[in-house]
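K.L.:
Please find one structure pasted underneath; my questions will follow.
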Amino acid sequence: MIAVWKSTARLINGLVDLREPAESTIRVGSLKPKLSFCIPTRNRGGFIAACVESITRQATEAVEVVVVDGASTDDTASVMRGLQMRYSNIRYHYKAKNGGVDADLAEAVALASGEYCWLMSSDDALADGAVERMLREIESMCAVYLCSRIDCDRDMNVFGNQHWLPKRNDNRCFDLSSPAGLNDYLGEANTLGALFSYIPSVIVARKAWLSVKGNQGLLGTNYAHVHRLFSLLRLGSMMKYIDSPLVLCRMDNDSFSDKGLVHRYEIDFEGYLRISGELFVDDEPAKGKFLKVVRDEHRWYRLLVLRSHMQSQEEWDAHNQLLRSFGYSPLVLAFCGFMGRFKGLVALAVRTRKAIVRSLKFAV
């Protein structure tokens, strides 16, 4: 299986404003697509061709690709024009102003024609056989599907898999509309991807997505889609977990990290805290479990790294109240606050751990 993933990786090298956007292209084809790939992008000209071609080489008439470009200043537009000349199932919409990933993702869904929308990042890629698998899966008519992923380095060399739930949940359907069902799901969740943080793992029924009004207050968090997905699921729509890795994630290329690691962590902590407050106004137990998933994602050793990237104890102290909201103990925070000052030691530990984890994942 690893060999297949390596082969796939080598091949690919080379809420929200729902106003009707102006179409920049007209899709060619006689059939209404069943599956639309919805891709927000900005300044990903060096990666988006590999992403789109990983889809188009598997696509049938039942598939379209919708790209919303948030005012790219690089060669993204010319790359997309070249792709459109080769493939008739691509729709490209360029925006004169960058609206951010939240608004651009929702606009891509609004532009789409498919019954289902596969939310996609413009620097990641689709695993071989993924389209065929999902066209079969959506026949079960769940509102949301969540798949696992293949982890790759920045050059798309495979080094492991990422699973959002324990393997016993493969092909399991979840009903999050009842307290028992929601608590069961949150109890099974073992990483932030189970809370829909990784966009390309999500396939959603377009009608269900549009039936829930986007929360305008969450625009700019980069996680407005999380609130929308949980909102529609809590209304009674079903979700299915697919443990098979259907997407390849280009690690070490996180666009959310463009302002530094401290800001990247703030995106997770501040975004998910705001979402929890919106989703669980009168349900403190569910809110606690929701926030625990974030805490499990960012364990104590990540807080060490976070502290090591801060410039002063005062900056760390200013973040403590936010971190305590997630249930971190004062002892853990004090330990990380002290040890995180030794930047060189923490950096060495991070490099060592990263090498070990990736080697173990590759071996598996």
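K.L.:
What full-extension length gain, to one decimal in nm, is calculated for residue 244 and residue 98 as 0.36 nm per residue of separation minus the Cα-Cα distance?
P.N.:
That pair, residue 244 and residue 98, stretches by 49.2 nm at full extension.
K.L.:
In what order do 306, 31 fall by count of nearby beta-carbon atoms within 10 Å, going from fewest to most?
P.N.:
31, 306
K.L.:
Report D for segment 201-267 in µm² per second (integer): Stokes-Einstein, Kirkwood Rh on Cα pairs, 10 °C, 1.306 mPa s.
P.N.:
It diffuses with D of about 111 µm²/s by this estimate.
K.L.:
Can you give me the distance in nm between label points at residue 324 and residue 81, each placed 7 Å from the Cα along the Cα-to-Cβ direction?
P.N.:
Here the modelled spin labels are 5.7 nm apart.
K.L.:
For the chain, what D do you get in µm² per second when you plug the Kirkwood radius from alpha-carbon pairs into Stokes-Einstein at 37 °C and 0.692 mPa s?
P.N.:
For the chosen part, D equals 155 µm²/s.
K.L.:
Treat the count of other C-beta atoms within 10 Å as a stand-in for reagent exposure and order 138, 39, 275 from fewest to most. Intermediate results must be reported in sequence, preceding the final value.
P.N.:
Working: 138 20, 39 29, 275 25.
In order of increasing Cβ crowding within 10 Å: 138, 275, 39.
K.L.:
Could you work out the helix-only [θ] at 222 nm for the chain, with each DSSP H run of four or more residues adding -39,500 (n - 2.57) and the total divided by the number of residues, to the nearest 500 deg cm²/dmol?
P.N.:
Calculated mean residue ellipticity at 222 nm is -14000 deg cm²/dmol.
K.L.:
If you take every DSSP beta bridge fully contained in the chain, what fraction is antiparallel? Give it as a percent rounded to 5.
P.N.:
Of those bridges, close to 40 percent are antiparallel.
K.L.:
Right, another one. Using a/c under 1.5 as the rounded threshold, could you call segment 245-286 rounded, prolate or oblate? The axes a ≥ b ≥ c are square roots of the C-alpha gyration tensor eigenvalues, and prolate needs a/b larger than b/c, oblate otherwise.
P.N.:
Note, shape of segment 245-286 comes out oblate.
K.L.:
A further question follows. Please identify every one of the trypsin sites (Lys or Arg not before Pro) in segment 96-156 that sits in a loop by DSSP and has no more than 15 other beta carbons within 10 Å of its own beta carbon.
P.N.:
97, 154
K.L.:
Now a separate question. From the phi of every residue in segment 334-351, what ³J(HN,Hα) in whole Hz does the Karplus formula 6.51 cos²θ - 1.76 cosθ + 1.60 yield, where θ is phi - 60° and glycine or proline is x?
P.N.:
Each residue's phi maps through the Karplus curve to give 5, 4, 5, x, 7, 5, x, 5, 8, 4, x, 5, 5, 4, 5, 5, 5, 5 Hz.
K.L.:
Still on this structure, please answer the following. Taking 26 Å as the cut-off for C-alpha to C-alpha distance, list the pairs among 259/354; 259/289; 32/240; 292/354 that go past it.
P.N.:
The pairs that break the limit, which is 26 Å between Cα atoms, are 259/289.
K.L.:
Name the shape class, rounded, prolate or oblate, that the alpha-carbon gyration tensor gives for segment 261-363, where a ≥ b ≥ c are the square roots of its eigenvalues, rounded holds for a/c under 1.5, and otherwise prolate holds if a/b is larger than b/c and oblate otherwise.
P.N.:
Oblate.
K.L.:
By its C-alpha gyration tensor, with a ≥ b ≥ c as the square roots of the eigenvalues, how is segment 127-174 shaped: rounded for a/c under 1.5, else prolate for a/b larger than b/c, else oblate? The partial results should precede the final answer.
P.N.:
On the way: a/c = 3.07, a/b = 1.55, b/c = 1.98.
Taking the square roots of the gyration eigenvalues as a ≥ b ≥ c, segment 127-174 is oblate.
K.L.:
Ok, one more. Filter the GluC sites (Glu not before Pro) in segment 45-87 down to the DSSP loop ones having no more than 16 other Cβ atoms within 10 Å, then list what survives.
P.N.:
61
Just so you know, all these numbers are worked out from the coordinates, no wet-lab data involved. Here the structure is a predicted model, which is why all the values come from computation and not from measurement. Glycine gets a Cβ as well: all are built from the backbone with ideal geometry, and neighbour counts include every protein chain shown.
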